[in-house]
1. Every residue in segment 242-267 that is closer than 20 Å to ARG191 by Cβ and part of a loop (DSSP other than H, G, I, E, B), please.
2. Can you name the condition, by its number, that THR173 falls short on among (1) surrounded by 21 or more Cβ atoms within 10 Å (Cβ to Cβ); (2) among the hydroxyl-bearing types (Ser, Thr, Tyr); (3) not assigned by TED's automatic domain parsing to the domain that holds LEU43?
3. So for segment 271-289 (the condition being under 30 Å from PRO481 (Cα atoms), of a type in the set (Val, Ile, Thr) and touching a residue at least 60 places away in the same chain (Cβ under 8 Å)), does at least one residue qualify?
4. Considering only segment 209-233, how many residues are surrounded by fewer than 19 Cβ atoms within 10 Å (Cβ to Cβ) and not β-branched (Val, Ile, Thr)?
5. Out of the residues in segment 429-452 meeting the condition of being free of Cβ contacts under 8 Å to residues at least 60 places away in the same chain and under 22 Å from THR166 (Cβ atoms), tell me which one is surrounded by the most Cβ atoms within 10 Å (Cβ to Cβ).
6. Would you mind stating whether THR369 is closer than 23 Å to VAL345 by Cβ and either in contact (Cβ under 8 Å) with a residue 24 or more places away in the chain or surrounded by fewer than 20 Cβ atoms within 10 Å (Cβ to Cβ) (or both)?
7. In segment 129-157, which residues are at positive phi and surrounded by 20 or more Cβ atoms within 10 Å (Cβ to Cβ)?
8. May I ask you to list the residues in segment 252-307 that are β-branched (Val, Ile, Thr), buried (at least 18 other Cβ atoms within 10 Å of the Cβ) and closer than 29 Å to GLY182 by Cβ?
Amino acid sequence: MSSPSCRSAWRLLAVLLVLTSSLPAQLVNTSVRVRVGTGDDTLITGFVVGAQPRTFLFRAVGPTLASFGVGGVLADPILTLFGSNRNVIATNNDWGTNPSYSAATISASMASAGAFALPAGSRDAVLIATLPSGAYTVQVTGANNGTGVALFEAYEIAAAPVASGTIRGRLATATSSAPEVGIFGAEMVFRNAAGAEIGRSTTRVFGLFDATLPAGAVRVEFPGSPAFVPAFQLVTVVAGVTTELPPLLVVSRASGPGTIRGQVTNAVSGSTLSGATLRFREGSGVQTGSVAGTTTASANGFTITLSPGTYTAEVSLTGYITSFFTVIAREGNEPVNQNLTLSPVLGANQIRIVLTWGSTPEDLDAHLTGPDAGISIARFHVYYDAPSDSANTAKLDLDDRASFGPETITITSFRPGVYRYSVHDYTNSRATLSTALSSSGAQVVVFRGSAEVARFTAPTGRTGTLWTVFEIDGTTLALTPRNEFSDVSIPRSVTAPPLEGGVVPETNAEILRIGRKPKR
Ligand SMILES: [Ca+2]
Ligand SMILES: [Ca+2]
């Protein structure tokens, strides 16, 4: 079908739109009907945005054209928006699967732009983007190298609709002897920062719930039940992303005041810290507002008695990064571990990663791979068996083998390249289809300078012994969540999990093996 002359003709169909703030908005409402091929025969449209940021709705309509009597349509178009460096800004395959906007939101935007409606679930592609000044290109391709006729459309719209993100959480009881038993069938209420209700969800088996909500601060509320006192957590919904929340633990109405006790420890050395100030606020993730109780940690630890419920402990000590922890007050059967760990303040471009988890499994291990000193392709693999890279810039400070953590890695200087952080379930490393890591309650907190910059909770309901948590770009220190699960049985093989998205191979990760020590 694709003779050379046809290819040339298709290329000529590429259109150039020059958009400046002086042009009337309706000039950008353009459509072009083309035959989309493969390789050089894909449709590429270039345009320039002037001084003011502008919001566009792009469509690549293929299958729906058939309902207008067009033959030979492109069955499954894909839209991709590129910046001036050919960097991908956004991509969409099927318009109903946009992680930032629901189908209803996109339908409303299309209608207000004057575009004809697309049937629910169609394979046509739609992108909405607000773009600052710069040069851009939009590409239309066919999934699986498909070819055919497509209609490309660009509309300028007044403003992007509010983007959405997804939260996944778990409601569980902290009152039984087996902690964190999920609560089924409870109604969760979601409120925005102004307190208005923006959604509801009923907990499923294991107490799991999820919701897609407008991005921003959200209060996740368990209104209480005959058996349990109310509880809430403050969370942030991130546009286009699924955020795993730590479990929301609730306490029985039968409980009297409970004593919270534990140690404040140094995340690097593991030693007990005295002198830290602890402020307790009602709710989980609550960093400001009225304080329900205050105490000071000594070398023997801390203890405070509060009404039954969930609290956020703010822990501060000179020279350490102020941190927030969710703790439980309940009468009797107190949680065995409410130890809180503080990181010493870092340099502005230094990063520390602290792993903590619950009572099981006994031994989770932090693994960090990244570009090593010396030859450019060399990569280090820091973990319990090799606790430092060759230049001592990435270091395992602390390995915990007896539940809870902390297990800590510090990076004091970076090289260009990808740094990848993973958590391996050593205890169950020979198991297949293990859910132990997923249900470990593992949390990974990332500090930079004097602040917490990211926090990850192990996703629930996943199988695997390796949780690939995130990557850091060694040049920009930008952090990219991964949240991928896979099975790895041999700790030294935690180097090249089968990840999506063009992850660099790590074939040289094993060249460094220093400080080797036998493990049990
Ligand atoms: Ca598609
Ligand atoms: Ca460990």
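The values are calculated or read from the model by the stated rules, or taken from the named source; none is laboratory data. From a predicted model like this one, the values you see are computed outputs, not experimental measurements. Don't worry about glycine lacking a Cβ; one is built from the backbone with ideal geometry, like all the others, and counts go over all protein chains shown.
1. Selection gives LEU245, PRO246, PRO247.
2. Going through the list (1) surrounded by 21 or more Cβ atoms within 10 Å (Cβ to Cβ); (2) among the hydroxyl-bearing types (Ser, Thr, Tyr); (3) not assigned by TED's automatic domain parsing to the domain that holds LEU43, THR173 breaks only (1).
3. So far as segment 271-289 goes, no, none of its residues is under 30 Å from PRO481 (Cα atoms), of a type in the set (Val, Ile, Thr) and touching a residue at least 60 places away in the same chain (Cβ under 8 Å).
4. So the count comes out to 11.
5. Here is the first cut: in segment 429-452, the residues free of Cβ contacts under 8 Å to residues at least 60 places away in the same chain are 430-435, 438-439.
Imposing the further condition that a residue be under 22 Å from THR166 (Cβ atoms) reduces the set to 435, 438-439.
On the way: THR435: 15, SER438: 19, SER439: 21.
It comes out as SER439.
6. Working: closer than 23 Å to VAL345 by Cβ: no; either in contact (Cβ under 8 Å) with a residue 24 or more places away in the chain or surrounded by fewer than 20 Cβ atoms within 10 Å (Cβ to Cβ) (or both): yes.
When the stated conditions are applied, THR369 does not pass them.
7. Pass one, segment 129-157, residues at positive phi: 134, 144-145, 148.
Of everything in segment 129-157, just one residue is at positive phi and surrounded by 20 or more Cβ atoms within 10 Å (Cβ to Cβ), namely GLY148.
8. Scanning segment 252-307 gives ILE260, VAL286, ILE304.
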